[in-house]
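A short worksheet on the structure shown next.
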Amino acid sequence: MYADPLTRTGQYRVKRIIDTPRTGPVTETPTDLNQLRRLLDPASRTPLPIRVQGAGSACNDCNTTESGTTICMTGLDRIIHVDSYNHTVTTQAGVLVGDLVRELAEHGLELPGSYDLAGRTVGGAIAAPCFGPAIGGGGSYFASNVITMKLLRPDGQVFSVEAGQNNLLGAFRMSFGTLGIIYEVKLSVRPIRTFTASHRRVSIDKFATIVDALASADVGIKFYLMPYRDRVYLDVRRYDTDPGSTYTTPWKLKDWGESTVLPHIFKSLNRVVPMQSVRYRLIDTISETTQNLVNSRYVKSGSNATSQSDRARGKSGRRCFYSTWCFPAADFSMVVRAYRDFCARAYEESQYRCDMPAVGYRLGRDPGSLLSPSFEEPMFALTSASTQERGWDDFVIDLAEFAEKYGGIPLISQSRALRAEHVIQSYNRRLDFFRRMRRKLDPDKRFLNPFLAQFMQ
Ligand SMILES: Cc1cc2nc3c(=O)[nH]c(=O)nc-3n(C[C@H](O)[C@H](O)[C@H](O)COP(=O)(O)OP(=O)(O)OC[C@H]3O[C@@H](n4cnc5c(N)ncnc54)[C@H](O)[C@@H]3O)c2cc1C
């Protein structure tokens, strides 16, 4: 009966594949559209739910699944066409933002905004709020640059959103991979434009007195907040008629210091200096020295191309933990003082504190995405970050309570310990509309994991 062992082996293999249901968690990295389509085909045996992932730099479970299939998009990494005449670029979604920035620079072009983390993907930067120190009021988000988008719907069908379909574009930007998987986009870009970067060191109270004026100024704002030193280091960017020469080296040095050297030093100090008071004094002094030396002295001018950080390529490169909340700009003078008091109290009660400075950006009002955190008004995004794991989970719960109390808007991909009711309340009618649309596109909840289902089903 089994005369041909090869056939027998072959039959056995085929039978096993057909009979044994595949279970997750599985990670797939398609390298072309056909592979991606096959994975989404409802007739395929891809374990559900399906979560799409870019570089995996979000800080919560929005981009993974513990039981189904995580589709990693970094295999679709082709920049298709740079149109130097019409100032657009067409690219696959798995391209890293840093690679895109470098390619554009070779054509004398840049993205209109500045986005600090080069290691994230274009798809992840569109499907989630991704921002930086953009100069001027609007266009704070990477997603604002999208002109057209190609996606696969949850049922595996190809779907395009064309230029001018503004409502649809608005819904699909910042949709966290719950309406479809973005595989190709056309973005608007522009000729490289230089800016000056001026730096100032102020106390938190002083910052609180000037932050209202900064919120409405035609500048780009990034700041480093050191609550235990009562210091804010401001980086204010503005276009200038003559910003002077721009060099990449100071920005690279700054980036290397902030994202590589400091986290490593702080991690080591946390291991080798047992006395907290001594350790943190040292850590804060090193942070301040870096700000004073590198940022204030050397980083004077730049462009969105030169200021691009090379930080943390993907999850493996993650050197610190973070949680980001947005606060209305109109209240930020009060929030920033309250944050200083919150940090002091949290340290006193739990002996936990962040070793990295908190980082903030001003976000202009931007209703270009339905789930834009600054849909209604300008905001300040504030990121608390630390290299210390022990105590972090409790800290982010306290931070979430603090943020809720002060009108904080959670970021679905960047806030830790968020409460479903608070997300629903914060995004309110816009989220209602989004959910109705989602249910229509994905009635079988193929793209929902338990984390997102809390507020998106
Ligand atoms: C050290 C560090 C610093 C950071 N600094 C900043 C900062 O300064 N500013 C800022 O805005 N953010 C920052 N972030 C957060 C993070 O980089 C952004 O949220 C980014 O947009 C995520 O991109 P990603 O490619 O890693 O996407 P992922 O984290 O993998 O995914 C983010 C979301 O997008 C969805 N998604 C990904 N790809 C696709 C696709 N092709 N189609 C549809 N949906 C998709 C995922 O399902 C998920 O919901 C930082 C993160 C780290 C680790």
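For segment 169-307, the equivalent ellipsoid derived from the alpha-carbon gyration tensor has semi-axes of 31, 23, 18 Å in decreasing order.
Rounded to the nearest Hz, the phi-derived 3J(HN,Hα) couplings of segment 440-457 under the Karplus curve 6.51 cos²θ - 1.76 cosθ + 1.60 (θ = phi - 60°) are 5, 6, 9, x, 8, 6, 5, 9, 9, 9, x, 4, 6, 4, 3, 10, 10, 8, where x marks glycine and proline. Estimated at 0.36 nm per residue, the fully extended path between Arg193 and Ser216 surpasses their Cα-Cα distance by 6.2 nm. Specify which residue in the list Trp392, Asn86, Asn63 is farthest towards the positive end of the charge dipole of the chain, using unit charges on the beta carbon of Lys, Arg (+1) and Asp, Glu (-1), about the Cα centre. My answer, from the dipole projection, is Asn63. With θ taken as phi - 60° and the Karplus curve 6.51 cos²θ - 1.76 cosθ + 1.60 applied, the whole-hertz 3J(HN,Hα) list for segment 280-286 is 6, 4, 5, 4, 5, 5, 5 Hz, x standing for glycine and proline.
Loop-located trypsin sites (Lys or Arg not before Pro) across segment 377-457 with a Cβ neighbour count of 12 or fewer within 10 Å are Arg390, with loop assigned by DSSP. Projecting the Cα atoms of Ala381, Leu40, Ala420 onto the dipole axis of the chain, where Lys and Arg carry +1 and Asp and Glu carry -1 at the beta carbon, places Leu40 farthest toward the positive end. Axis of helix 332-350 versus longest Cα principal axis of the chain: the two differ by about 80°, to the nearest ten degrees. Candidate cross-link partners of Lys267 among the lysines, defined by an alpha-carbon separation under 20 Å and a same-chain spacing of 8 or more, comprise Lys254, Lys315.
Taking the number of Cβ atoms within 10 Å of each Cβ as an exposure proxy, the fewest-first ranking of Arg120, Arg279, Arg193, Arg237 is Arg193, Arg279, Arg237, Arg120. Which residues make up the longest stretch of the chain that has no GluC sites (Glu not before Pro) in a DSSP loop with at most 16 other Cβ atoms within 10 Å? Within the chain, the longest run free of exposed GluC sites (Glu not before Pro) spans 163-375.
Residue separation of Val26 and Asp341 scaled by 0.36 nm, minus their Cα-Cα distance, works out to 109.0 nm of gained length. Summarised as an ellipsoid, the chain has semi-axes of 38, 26, 22 Å, derived from the eigenvalues of the Cα gyration tensor scaled by 5 and square-rooted, with the largest first. With only the Cα atoms considered, segment 194-419 has a convex hull volume of 129 Å³ per residue. When every Cα-Cα distance of segment 411-457 is counted in 5 angstrom steps from zero, the calculated P(r) takes the values 5, 21, 31, 25, 15, 3 percent. If I model a spin label at His107 and Glu162 as a point 7 Å from the Cα along the Cα→Cβ vector, what separation in nanometres do I get? Placing both labels 7 Å beyond Cα along the Cβ direction yields 2.2 nm.
Simple spin-label estimate for His81 and Met334 gives 5.2 nm between the two label positions (7 Å along the Cα-to-Cβ direction from each Cα).
A short reminder: the numbers here are calculations on the coordinates, not readings from a lab. From a predicted model like this one, the values you see are computed outputs, not experimental measurements. Positions of Cβ are generated from backbone atoms using ideal geometry, with glycine treated the same way; all protein chains shown enter the neighbour counts.
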